[in-house]
(Lines give C-alpha, C1' and ligand atoms only; values in the text may rest on other atoms or scores of the structure.)
Protein backbone atom coordinates (compact mmCIF):
# COMPACT_ATOMS: atom_id res chain seq x y z
CA UNK A 1 0.00 0.00 0.00
CA UNK A 2 1.13 3.48 -0.76
CA UNK A 3 1.04 6.48 1.54
CA UNK A 4 -1.94 7.81 -0.41
CA UNK A 5 -3.89 4.60 0.25
CA UNK A 6 -3.06 4.77 3.97
CA UNK A 7 -4.25 8.37 4.09
CA UNK A 8 -7.53 7.49 2.35
CA UNK A 9 -8.01 4.54 4.69
CA UNK A 10 -7.34 6.70 7.78
CA UNK A 11 -9.75 9.43 6.66
CA UNK A 12 -12.43 6.84 5.82
CA UNK A 13 -11.98 5.23 9.22
CA UNK A 14 -12.26 8.60 11.00
CA UNK A 15 -15.46 9.43 9.09
CA UNK A 16 -16.99 6.05 9.95
CA UNK A 17 -16.10 6.45 13.62
CA UNK A 18 -17.70 9.89 13.78
CA UNK A 19 -20.86 8.69 12.00
CA UNK A 20 -21.43 5.60 14.11
CA UNK A 21 -20.18 6.77 17.49
CA UNK A 22 -23.51 8.42 18.21
CA UNK A 23 -24.18 9.00 21.90
CA UNK A 24 -20.75 7.86 22.95
CA UNK A 25 -19.33 11.31 22.14
CA UNK A 26 -22.41 13.47 22.63
CA UNK A 27 -23.57 15.45 25.61
CA UNK A 28 -27.28 14.94 25.26
CA UNK A 29 -29.09 15.16 28.55
CA UNK A 30 -32.61 14.71 27.16
CA UNK A 31 -33.33 11.52 29.10
CA UNK A 32 -32.15 13.11 32.34
CA UNK A 33 -34.34 16.14 31.70
CA UNK A 34 -37.38 13.93 31.12
CA UNK A 35 -36.71 12.09 34.39
CA UNK A 36 -36.26 15.37 36.26
CA UNK A 37 -39.50 16.80 34.90
CA UNK A 38 -41.48 13.65 35.71
CA UNK A 39 -40.04 12.73 39.12
CA UNK A 40 -38.35 15.81 40.61
CA UNK A 41 -39.86 18.99 39.28
CA UNK A 42 -43.10 18.48 41.19
CA UNK A 43 -41.22 19.64 44.30
CA UNK A 44 -37.91 20.99 42.98
CA UNK A 45 -39.37 23.43 40.52
CA UNK A 46 -37.05 25.49 38.38
CA UNK A 47 -37.47 29.24 38.67
CA UNK A 48 -38.66 30.77 35.44
CA UNK A 49 -40.50 27.66 34.22
CA UNK A 50 -43.85 29.25 35.10
CA UNK A 51 -44.42 27.13 38.21
CA UNK A 52 -46.42 28.58 41.08
CA UNK A 53 -45.13 28.28 44.64
CA UNK A 54 -47.36 25.85 46.50
CA UNK A 55 -48.03 25.47 50.21
CA UNK A 56 -45.71 22.42 50.15
CA UNK A 57 -42.84 24.50 48.80
CA UNK A 58 -43.45 27.26 51.33
CA UNK A 59 -43.46 24.77 54.22
CA UNK A 60 -40.63 22.37 53.27
CA UNK A 61 -38.56 24.56 50.94
CA UNK A 62 -37.08 21.89 48.66
CA UNK A 63 -34.01 23.01 46.75
CA UNK A 64 -34.55 25.19 43.71
CA UNK A 65 -31.74 23.94 41.48
CA UNK A 66 -31.87 27.07 39.33
CA UNK A 67 -30.14 28.96 42.16
CA UNK A 68 -26.40 28.58 42.68
CA UNK A 69 -26.77 28.49 46.47
CA UNK A 70 -28.57 25.15 46.12
CA UNK A 71 -25.39 23.60 44.74
CA UNK A 72 -23.15 24.44 47.70
CA UNK A 73 -21.74 21.18 49.04
CA UNK A 74 -23.71 19.13 46.51
CA UNK A 75 -21.84 16.59 44.41
CA UNK A 76 -22.89 13.90 41.97
CA UNK A 77 -22.30 11.30 44.69
CA UNK A 78 -24.51 13.20 47.15
CA UNK A 79 -27.32 13.44 44.56
CA UNK A 80 -27.13 9.69 43.94
CA UNK A 81 -27.13 9.01 47.69
CA UNK A 82 -30.24 11.16 48.25
CA UNK A 83 -31.99 9.53 45.27
CA UNK A 84 -31.35 6.07 46.74
CA UNK A 85 -32.06 6.81 50.40
CA UNK A 86 -34.16 9.97 50.47
CA UNK A 87 -33.56 12.92 52.77
CA UNK A 88 -35.85 14.76 55.17
CA UNK A 89 -39.38 14.58 53.76
CA UNK A 90 -38.09 13.42 50.38
CA UNK A 91 -38.60 9.72 49.84
CA UNK A 92 -36.17 7.59 47.82
CA UNK A 93 -36.68 7.76 44.07
CA UNK A 94 -36.62 4.28 42.46
CA UNK A 95 -34.25 4.59 39.50
CA UNK A 96 -32.03 2.04 37.83
CA UNK A 97 -28.32 2.81 37.35
CA UNK A 98 -28.81 4.16 33.82
CA UNK A 99 -31.65 6.49 34.86
CA UNK A 100 -29.69 7.69 37.88
CA UNK A 101 -26.69 8.46 35.67
CA UNK A 102 -28.87 10.31 33.15
CA UNK A 103 -30.56 12.35 35.87
CA UNK A 104 -27.36 13.32 37.68
CA UNK A 105 -25.70 14.13 34.33
CA UNK A 106 -28.56 16.47 33.45
CA UNK A 107 -28.52 18.10 36.87
CA UNK A 108 -24.73 18.59 37.02
CA UNK A 109 -24.34 19.77 33.42
CA UNK A 110 -27.56 21.60 32.60
CA UNK A 111 -28.97 22.89 35.90
CA UNK A 112 -25.83 23.69 37.86
CA UNK A 113 -24.74 27.30 37.55
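The values are calculated or read from the model by the stated rules, or taken from the named source; none is laboratory data. These numbers come from a predicted model, not from an experiment. Using ideal geometry, Cβ is built from the backbone for each residue, glycine included, and neighbour counts are taken over all protein chains shown.
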Next item on the list: Give the residue that is nearest to the chain's Cα centre (by Cα), with candidates limited to residues of segment 50-69 that are modelled with pLDDT of 70 or more and outside any helix (DSSP H, G or I).
Entry: 65
Next item on the list: Output the residues belonging to segment 70-113 that are over 15 Å from residue 45 (Cα atoms), part of a loop (DSSP other than H, G, I, E, B) and in contact (Cβ under 8 Å) with a residue 24 or more places away in the chain.
Entry: 88, 89, 93, 95, 113
